[in-house]
Amino acid sequence: MPHGISMTQIDSLPPLRDVITSHDLKARKALGQNFLLDLNLTSRIARIPGDLSQTDVIEVGPGPGGLTRGLLAEGARHVLAIEKDSRCLPALQQIADIYPDRFTFVEGDALKIDPLEHLTPPIAICANLPYNVGTELLVRWLTPKEWPPFWSSLTLMFQKEVAERIIAQPGSKAYGRLAILAQWRADPRIALTLPPEAFSPPPKVHSAVVHLTALPEPRFPAKAKVLERVVAAAFNQRRKMLRSALKTLSPDIEDRLLAAGIKPTERAEQVPLEAFCALARQFEDDV
Ligand code: SAM
């Protein structure tokens, strides 16, 4: 192997550390920047959604492009990246020069722009984002006006504790609104956990990549808005029995709980998703 070429190099682009130095991309805390520099690792993450050769990928927050390069090297049909930090654009242009037909990028805030018109389904979303932006986007992607959504899978990096909330089961402290939202219309799993040292600079916490596939239809019937209201009310007062946590929803809440097969003395933490959906069906439009 020629001197200076790293074992982990997956394309003819310079190593990521050199990209960062040459474009002066010192990570900024305000932008939640913790970069992945190991191209073996970014390829591993890019393989989590499975074969992407017939899929367009939206990558949010590519930064210097480690995960982008993984996605392209692993064969994604097309990658469209959205990056807020203009300092990263020259590094992304270098990638576009190598993959002119398969890679495009736009400068912008993923919370504000909608890149869909350039893409052809099926669409996968893949991102290592600042944790707060990631959670906000996840909730948005899980609550579109119509189901199935425009995406077929989401592969997203989270703080490990948030990843555990997404996959949590009843009876655990982590179980709450995020678990119900994610599990009602998608299949989430933790695909990989990562220690702080996997990033540069290292964050304070452990991280995990969550992979979610969209179900063709919700796991159990319910109206989305009603389910959201019932679940929000139940978990806002998670230590209370449901008959009191939910009494603002209806004066006959005990009857409705019983009709849904839920003991009025139970707490939200113990109620499975299926029972929350049955409760939401008791309300139909009148919550
Ligand atoms: N994906 C790269 C990696 O794995 O090395 C960078 C990860 S870094 C945690 C997050 C990236 O998201 C940064 O490049 C940051 O500038 C970008 N970013 C932060 N907020 C954003 C937003 N609202 N829209 C688009 N990009 C954003």
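The values are calculated or read from the model by the stated rules, or taken from the named source; none is laboratory data. Values in this document were obtained by computation on a predicted structure and should not be read as measured data. We place every Cβ from the backbone using ideal geometry, glycine too, and count neighbours over all the protein chains shown.
Limited to the stretch 66-116, what total is found for residues that are part of a helix (DSSP H, G or I) and among the small types (G, A, S)? Number satisfying all stated conditions: 6. Considering only residues in the stretch 105-127 that are within 12 Å of the ligand (Cβ to nearest atom) and buried (at least 16 other Cβ atoms within 10 Å of the Cβ), the one that is farthest from L138 (Cα to Cα) turns out to be F105. A residue that is surrounded by 22 or more Cβ atoms within 10 Å (Cβ to Cβ), within 8 Å of the ligand (Cβ to nearest atom) and within 20 Å of W141 (Cβ to Cβ) cannot be found anywhere in the stretch 24-40. Restricting attention to the stretch 102-118, does a residue exist that is free of Cβ contacts under 8 Å to residues at least 40 places away in the same chain, out of contact with any Lys or Arg (no Cβ under 7 Å at 6 or more places or on another chain) and under 16 Å from P64 (Cβ atoms)? There is at least one residue in the stretch 102-118 that is free of Cβ contacts under 8 Å to residues at least 40 places away in the same chain, out of contact with any Lys or Arg (no Cβ under 7 Å at 6 or more places or on another chain) and under 16 Å from P64 (Cβ atoms). Scan the stretch 44-99 for residues that are of a type in the set (S, T, N, Q), within 20 Å of L212 (Cα to Cα) and more than 9 Å from the ligand (Cβ to nearest atom) and jot them down. Listed by number, the residues that qualify are S53, Q54, T55. T248 meets each of the listed conditions (1) at pLDDT 95 or above; (2) more than 20 Å from E161 (Cα to Cα) apart from (1). Scanning the stretch 117-129 for residues that are among the hydrophobic types (A, V, I, L, M, F, W, C), in contact with a helix residue (DSSP H, G or I) (Cβ under 9 Å, 6 or more places away or on another chain) and in a loop (DSSP other than H, G, I, E, B) returns a single hit, L129. For the stretch 119-150, which residues satisfy the criterion of being more than 17 Å from the chain's Cα centre (by Cα) and free of Cβ contacts under 8 Å to residues at least 60 places away in the same chain? Result: K145, E146.
One line per residue, one yes/no per condition, for (1) surrounded by fewer than 14 Cβ atoms within 10 Å (Cβ to Cβ); (2) among the charged types (D, E, K, R):
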site	(1), (2)
R177	no, yes
P202	yes, no
S207	no, no
A214	no, no
F220	no, no
A224	no, no
